[in-house]
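Take a look at the structure set out below.
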Amino acid sequence: MHRFANPTRFLRLADAILPWSAAIAVLTITAGLIWGLGFAPPDYQQGDTVRIMFVHVPSAWMALFIYGAMAVSSAVALIWKHAVADLVAKASAPIGAGFCLICLISGSLWGEPMWGTWWQWDARLTSMLILLFLYIGYMALWQAFDDPQRAAKAAAILALVGSVNLPIIKFSVDWWNTLHQPASVFTLSGPKIHISMLMPLLLMAVGFKAYYVSVLVLRTRAEIMARRIRALRLTYAQAEAAE
Amino acid sequence: MTGFWLVLRRDLSLAFKQGGAAMLALAFFVVTVTLFPLGVGPSPDILARIGPGVIWVAALLSALLSLDRLFQADLEDGSLDLLVLAPLPLQATVLAKCAAHWLSTGLPLIAAAPVLGLLMNMPAEGIWTLLAAMVLGTPSLSLIGAIGAALTVAVRRGGVLLSLLVLPLYIPVLIFGVAAVDAATVGLSVRPHLLLLSAISLGSVVLAPVAAAPALRLALE
């Protein structure tokens, strides 16, 4: 892990990963969308609206996964003072917030025909909304400091505190009686949905994950460059001040 | 342990001396709750229905309002540097300051809550449960808030940011606090809600000092 604390080495790795992850993302999302929207069977109760699932469910998984990734890399950054980990966490936040928003909006669009309401204050929806607020607070804390080193540490502490919310979201459908249906893919007795719907769903999930990796690599690269530019500017300013 | 009591006593006397914020939070609490009957109309049924929620939300906001000074005054006059250097572990100092914050703002709110409950036309069993829920739940407001206060202490205009960071984390307290009162008014068991509130408070006793102490060290770097 410490090998990749060196930004140059990270950049080399990033360049190697990016074409592959981008290609996987494009292929699987295209295939998953065509399969899911065009060929997967309609649900016997929900009809064609069930196809919203192919976007809604993977983006919900991603919103949780990315916050988890943010919390882990924040812990790594705090404990080992890893130079790239806090940039990875920072770069992840907007992507995760985006997925969270997609999940909420697509869920709302799905809820209107199925439940007869755009929004319901049940445990799953509310805790997902809290997750979005946590993402926003995290990004705001990054913006609040002038010194990126201090911002990184403060944001890392906040990310770890907020990670308390993750198990609450995951298990909210089991702990409370909610309108939102309980887990139907990751259950102890195996997936409860038919293979013809499961396959495009998993394709989309892989595609979203590959998309996350690609954008994460791009954003982290930009963050490393921004940090270098900042360092250069500071050096010039100090040199000018010394003259 | 003497250090803990010293910090606690110092913060308490600061809170109740002239210029202290203890009574301001209470006044804010009362005024905010008073606004609701004026805003939604004085119909007793509606007031009884929204009463617990309004009182809890007002309590959340008044706790939040007094939080941004929790560490800021100490940072400005330099006593935070001394508290960090003191032999008492910084986590214990944070805990003492949270205890002082709860005693000076949380307790007055709890004392005022039954009266406001009467004003909101809440039934007697609802008021008793509200009292119990606030006793169990409000310590977590001070503790969770201390994390946010420590993170934003060195930030200019940290107050708005503080509310953005802390309010999402307050939501579980609000949910279970109101759920307990609602359960009592319809005759269900209040035990699970009160237990969950206690769990949140106890958990934050452990976690909040651990998170707030490094954040304070960061502010002094």
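Here are a few things to note about the model shown:
- Residue within segment A:70-77 that is polar (S, T, N, Q), within 18 Å of A:Gly207 (Cα to Cα) and buried (at least 20 other Cβ atoms within 10 Å of the Cβ) present: no
- Residue in segment B:186-202 that is surrounded by the fewest Cβ atoms within 10 Å (Cβ to Cβ), counting only those that are over 23 Å from B:Ile50 (Cα atoms) and in contact (Cβ under 8 Å) with a residue 60 or more places away in the chain: B:Ser198
- From the list B:Leu194, B:Leu188, B:Leu164, the lone residue that is part of a loop (DSSP other than H, G, I, E, B) and of a type outside the set (D, E, K, R) is B:Leu188.
- Flag if A:Leu160 is modelled with pLDDT of 85 or more and within 20 Å of the chain's Cα centre (by Cα): yes
- Here is the figure for segment B:165-185: residues that are within 9 Å of another protein chain (Cβ to nearest Cβ) and without any contact (Cβ under 8 Å) to a residue 24 or more places away in the chain total 4.
- Of the helices (runs of 4 or more DSSP H) lying entirely inside segment A:85-165, those carrying at least 1 residues that are within 9 Å of another protein chain (Cβ to nearest Cβ) are A:123-144, A:148-162.
- Looking only at segment B:129-151, and only at residues there that are in contact with a Phe, Trp or Tyr (Cβ under 9 Å, 6 or more places away or on another chain) and within 14 Å of another protein chain (Cβ to nearest Cβ), the one that is nearest to B:Ser79 (Cα to Cα): B:Ala150
- Identity of the residue in segment A:205-228, within 14 Å of the chain's Cα centre (by Cα) and hydrophobic (A, V, I, L, M, F, W, C), that ends up surrounded by the most Cβ atoms within 10 Å (Cβ to Cβ): A:Phe208
- Criterion violated by B:Pro37 - all others in (1) under 21 Å from the mean Cα position of the chain (by Cα); (2) in contact (Cβ under 8 Å) with a residue 40 or more places away in the chain; (3) surrounded by 17 or more Cβ atoms within 10 Å (Cβ to Cβ) satisfied: (1)
- Among the candidates A:Trp80, A:Trp118, the residue that is closer than 23 Å to A:Ala5 by Cα, surrounded by fewer than 18 Cβ atoms within 10 Å (Cβ to Cβ) and more than 18 Å from the chain's Cα centre (by Cα) is uniquely A:Trp80.
- Selection within segment A:129-143 - surrounded by fewer than 22 Cβ atoms within 10 Å (Cβ to Cβ) and over 15 Å from the mean Cα position of the chain (by Cα): A:Ala140, A:Trp142, A:Gln143
- Being surrounded by fewer than 21 Cβ atoms within 10 Å (Cβ to Cβ), over 12 Å from the mean Cα position of the chain (by Cα) and under 24 Å from A:Arg228 (Cβ atoms) is a property that holds for A:Ala151.
- Considering each residue of segment B:1-10 in turn, none proves to be surrounded by fewer than 19 Cβ atoms within 10 Å (Cβ to Cβ), under 26 Å from B:Leu161 (Cβ atoms) and touching a helix residue (DSSP H, G or I) at 6+ places or on another chain (Cβ under 6 Å).
The values are calculated or read from the model by the stated rules, or taken from the named source; none is laboratory data. Keep in mind that this is a model prediction, so the values were computed, not measured. Backbone-built Cβ (ideal geometry, glycine too); neighbour counts: all protein chains shown.
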